[in-house]
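Beneath this line is the structure, given in structure tokens, with notes to follow.
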Amino acid sequence: MRHAMALVLSGGSGDRLSVLSAERAVSAIPFGGKYRIVDFVLSNCCHSEIERVSVLTQHAPTSLHDHLGSGRLWDLDRRGGGVEILQPFLTREHAGWYRGTADALAQNTDAIMASHAAQVLVLSGDHVYKMDYRDLFRAHEARAAAVTLAVTAVPPGERQRFGMVTVDRAGRVRQLEEKPKTTSARLASMGIYLFESEVLAECLRGHPVDLVLDVLRPLVEEGERVFAHEFEGYWDDVGTLESYYRANLDLVAPEPRLHLHDARWPILTRDEERPPVLMLTGAEVEDSLVANGCRVAGRVCRSILFPGVEVEAEATVVDSVVMQDTRILRGARVERAILDKFVRVGREAVVGSGADARGDGVVASLTLAGKYAFVPERARVGRGAVLGVGTGPEDFVENQIRAGARVADHPAHADLR
Amino acid sequence: MSGRYAFVLAGGLGTRLCLLSERRAKPAVPFGGKYRIIDFTLSNCVNSGIYDVGVLTQYHPTSLHRHIGIGRPWDLDRTRGGVQLLQPSLGSVTSDWYQGTADAIYRNLVHLRPRRAEHVLVLSGDHVYKMNYNLLYAFHQANHASATVAVTEVSEEAVQSFGILETDARGRVVGFQEKPRRAQSRLASMGVYLFDRAAFTQWLVEDAERSDSRHDFGRDLLPRLVERGEAVYAYRFQGYWQDVGTLDSYYDTNLALLSDQPPLDLRDPEWVIHTQSADRPPVRFEAGGRAERSLIANGCRVAGRVVRSVLFPGVTVLRGATVTDSILMHDTTVGKGAAIDRAILDKEVVVGAGGRIGWGEASTPGRACPEHLSNGLLVVGKGAHLPEQVTVGRNTRIGAHVTVDDFSGDVPAGGVIHGPDPEH
């Protein structure tokens, strides 16, 4: 894969991921008990022998930059190629911020072309899947395509969430529809586009903003050789709270669709050195993922515990995602919640108590706590409530946060505590 | 403090660890659910700011060499300094197999030549402890010592296993006996020595020229220095230190990690023990899985019951299986309904469904190494495959890489199943 480079679009602000993306890019959100979302794409690149990867960042990139570092973890610390971060910059001509996916590429045309790659693989940093991109390259070359899109079948009920692709018998793309209300197409675009570099360069000259609307759709309409390559494995766009939660909990289902225990395709990540999980007397853990560094004396069921989480005796965690170094103190109860890093749930407090908040679906029943949120002893946090980054005792009224309430972020409070 | 250099002696045979060190040097023996014994010494070095380390290997070094690699996990992959593996070689006047610990260093003095270090730290890769070597340097300099030996207090019964030092009120060593039957002092050498470079070089050369020396620090060099009144001091280390030299002490030291307040805190963010660890997913607990009072590393899958045990990465405990008071190393699988009790299973062991491993009375000592297999523990070597429904008694030894065909039925207490010849 010496002649290919990958561009990973990781700039999204992810408003739909609430407090989880308050201080970090969607790609940098922790996932699956020890990973960050972007690890899946980077590991795919590593295992597919793509040695040159540029990550385009914009929104709250610090956490992502820290995570990537020199790219060592994915064997992307290379003399030639390796990983490179493309953050917006200023030039004499324009104001810099990326206005859309195609604009992000267009502003980096020089960097892309300087790699002299024959093909450019455009990826999204917000998706969870394991894919050998070499299959995509082979299909692309076999059809002498100008562009090849990776597509996957989605059930009728979900088609309005995706860009839908209509193909002919030869696999050639005939139509692209963005989030259609109704469609006969069964294949969704996975946001994975393999371009011949010359074709991409030509397209970027026209100052496009959006990759689908301003680049791909015109190419299809002009009759360029745009093909679709169907991917049959597990793939999930975890860009909404609901899909993020569902994808995490799916990992602890009896037959998960995404296999993390796959020695041939390990997901590589920045792994802090932590001791093995310590299970104390009284611990009860079922249908859960628990990472190194955790210490469990309570009960954990259908949940995901990231490194360093502590669940004290008589505490219960059910149907929840609990990130690094969060502590759930004695007798507390956490149900259907996503707790970000360094959260502290006080003794006998309840997070996710009572009935669901008004509204529909998963989100109304999910309770969220941003980084450093602090739930005092015996406090109650209703379902569907969102505790902003740094929420503290001062935000509780009668030791309670009502169902569906939103506590604003105030990260500085966490520093004062 | 720049220009500090440490030699780590990692050639040890570790014969008393039975099967565990049959095909790997003692420092490479897995410990504590994800570490190797040498990780403690290497982590102590980097945590003390010593980033220039030579590791001397000799006996079965492959596993150790692979583990250390270029030293990345310890930040020892450096442009200057870092870690260097020093295996015996041919080609110069001083080259040959290492005869003793002092001889091993003598043959590697060449590595000291280009370095500025004024002191030489000599460590052993065989011990489990967390120690800040800066305090040793400070003590050495404050006492204007030529050599400083770190010591720790051991029990009266243990004195016969160590080098025992007698000191005067100021900490100066006035007596040094290697593994005495009985001793006045209970201060044992930890195998941690700090020397003044110039004196050290001279002493090593002198020792090498003596035909009556076994070229060992503990048996020859240090007693001789003490005898002739060199400024040898003992630095009293107060923390936890374990030799893990025997199967029993290895087992006890591992299981001690399971208490609420373990004597060795692996969770201390100020003194992280670094190791080479493969990328493994978090531990997966499945329905029916249950674990109490146990250490379980990433990559494990638990669908059975685990009590008071240490599970290294990638261990699978299938439904209905129970593991009690045991140590299971990397990628070992316990089949459905199998029961393991008081056993040490090396890496990649497969226990067939319904097997009972560690069963019945514990009074028959093992036919293989009876001195190590007499307290009920049993050991299974790397890659052994145990048949379904087999019962294996206590104090047994199942060799590495045995296959189900090597069993002709149950294995009685104290029994042995020999694996293929370890040298082939």
Condition set in a loop (DSSP other than H, G, I, E, B) and in contact (Cβ under 8 Å) with a residue 60 or more places away in the chain, scope the range B:388-423, selection surrounded by the fewest Cβ atoms within 10 Å (Cβ to Cβ): answer is B:Pro422
Of the numbered conditions (1) farther than 17 Å from B:Phe7 by Cα; (2) not in a helix (DSSP H, G or I), B:Pro223 satisfies every one except a single condition; which is it? (2)
Among the residues of the range A:7-36, how many are within 14 Å of another protein chain (Cβ to nearest Cβ) and within 11 Å of the chain's Cα centre (by Cα)? 5
Quick one: count up the residues across the range B:103-126 that are out of contact with any strand residue (DSSP E or B) (no Cβ under 6 Å at 6 or more places or on another chain) and in a loop (DSSP other than H, G, I, E, B). 7
Options B:Gly409, B:Gly415, B:Gly354: the member that is over 23 Å from B:Ser294 (Cβ atoms) and more than 28 Å from the chain's Cα centre (by Cα): B:Gly409
Of the residues that sit in the range B:27-49 and are within 11 Å of chain A (Cβ to nearest Cβ) and charged (D, E, K, R), which one is nearest to A:Ala291 (Cα to Cα)? B:Lys34
Given the options A:Leu249, A:Leu305, A:Leu260, name the one that is among the aliphatic types (A, V, I, L, M), under 23 Å from A:Val26 (Cα atoms) and modelled with pLDDT under 95. A:Leu260
Assess whether A:Arg378 counts as being more than 21 Å from A:Leu20 (Cβ to Cβ), surrounded by fewer than 20 Cβ atoms within 10 Å (Cβ to Cβ), modelled with pLDDT under 90 and out of contact with any strand residue (DSSP E or B) (no Cβ under 7 Å at 6 or more places or on another chain). no
All strands (runs of 3 or more DSSP E) inside the range B:231-313 with 1 or more residues being buried (at least 21 other Cβ atoms within 10 Å of the Cβ) and away from chain A (no Cβ under 12 Å): B:232-236
Going residue by residue through the range B:106-128, is there one that turns out to be more than 14 Å from chain A (Cβ to nearest Cβ), within 19 Å of the chain's Cα centre (by Cα) and of a type in the set (Asp, Glu)? yes
Failed condition for A:Glu49, given (1) in a loop (DSSP other than H, G, I, E, B); (2) at pLDDT 95 or above: (2)
Return the residue satisfying two criteria in turn: it lies in the range A:279-301 and is more than 10 Å from B:Glu292 (Cβ to Cβ), assigned to a loop (DSSP other than H, G, I, E, B) and of a type outside the set (Gly, Ala, Ser), and of such residues it is farthest from the other protein chains (Cβ to nearest Cβ). A:Cys294
Scanning the range B:142-189 for residues that are in a strand (DSSP E or B) and without any contact (Cβ under 8 Å) to a residue 24 or more places away in the chain gives B:Glu166
For A:Thr240, indicate whether it is of a type in the set (Ser, Thr, Tyr), more than 8 Å from chain B (Cβ to nearest Cβ) and touching a residue at least 60 places away in the same chain (Cβ under 8 Å). yes
Being away from chain B (no Cβ under 13 Å) and under 18 Å from A:Asn248 (Cβ atoms) is the filter here, so list the residues in the range A:304-315 that pass it. none
As an exercise: evaluate B:Arg80 against (1) surrounded by fewer than 18 Cβ atoms within 10 Å (Cβ to Cβ); (2) assigned to a helix (DSSP H, G or I) and give the number of the one condition it does not meet. (2)
Answer yes or no: is there a residue in the range A:152-166 that is crowded, with 23+ Cβ neighbours inside 10 Å and either over 28 Å from A:His59 (Cβ atoms) or not assigned by TED's automatic domain parsing to the domain that holds A:Pro30 (or both). no
Output the number of residues of the range B:205-220 satisfying the condition of being crowded, with 21+ Cβ neighbours inside 10 Å and either touching a Lys or Arg at 6+ places or on another chain (Cβ under 8 Å) or assigned to a helix (DSSP H, G or I) (or both). 3
Tally time: how many residues in the range A:381-408 are more than 27 Å from the chain's Cα centre (by Cα) and surrounded by fewer than 22 Cβ atoms within 10 Å (Cβ to Cβ)? 10
Going by what's in this entry, would A:Ala170 be described as surrounded by fewer than 21 Cβ atoms within 10 Å (Cβ to Cβ) and not in a strand (DSSP E or B)? yes
Checking A:Leu366 against (1) farther than 23 Å from A:Cys294 by Cβ; (2) in contact (Cβ under 8 Å) with a residue 12 or more places away in the chain; (3) not basic (Lys, Arg): exactly one of these is not met. Which one? (1)
For the subset of the range B:47-72 comprising residues that are in a helix (DSSP H, G or I) and either over 18 Å from the mean Cα position of the chain (by Cα) or of a type outside the set (Val, Ile, Thr) (or both), which member is surrounded by the fewest Cβ atoms within 10 Å (Cβ to Cβ)? B:Arg66
May I ask you to verify whether B:Gly335 is within 14 Å of chain A (Cβ to nearest Cβ) and farther than 22 Å from B:Asp248 by Cβ? no
Could you tell me whether the range B:114-125 includes any residue that is over 28 Å from B:Arg236 (Cα atoms) and buried (at least 22 other Cβ atoms within 10 Å of the Cβ)? no
Do you know which of the residues in the range A:246-273 that are facing chain B (nearest Cβ under 8 Å) and farther than 21 Å from A:Ile37 by Cβ is surrounded by the most Cβ atoms within 10 Å (Cβ to Cβ)? A:Glu273
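The values are calculated or read from the model by the stated rules, or taken from the named source; none is laboratory data. Bear in mind the structure is a predicted one, so any value in this text is a computation, not a measurement. Quick reminder, even Gly has a Cβ in these numbers, built from the backbone with ideal geometry, and neighbours come from all protein chains shown.
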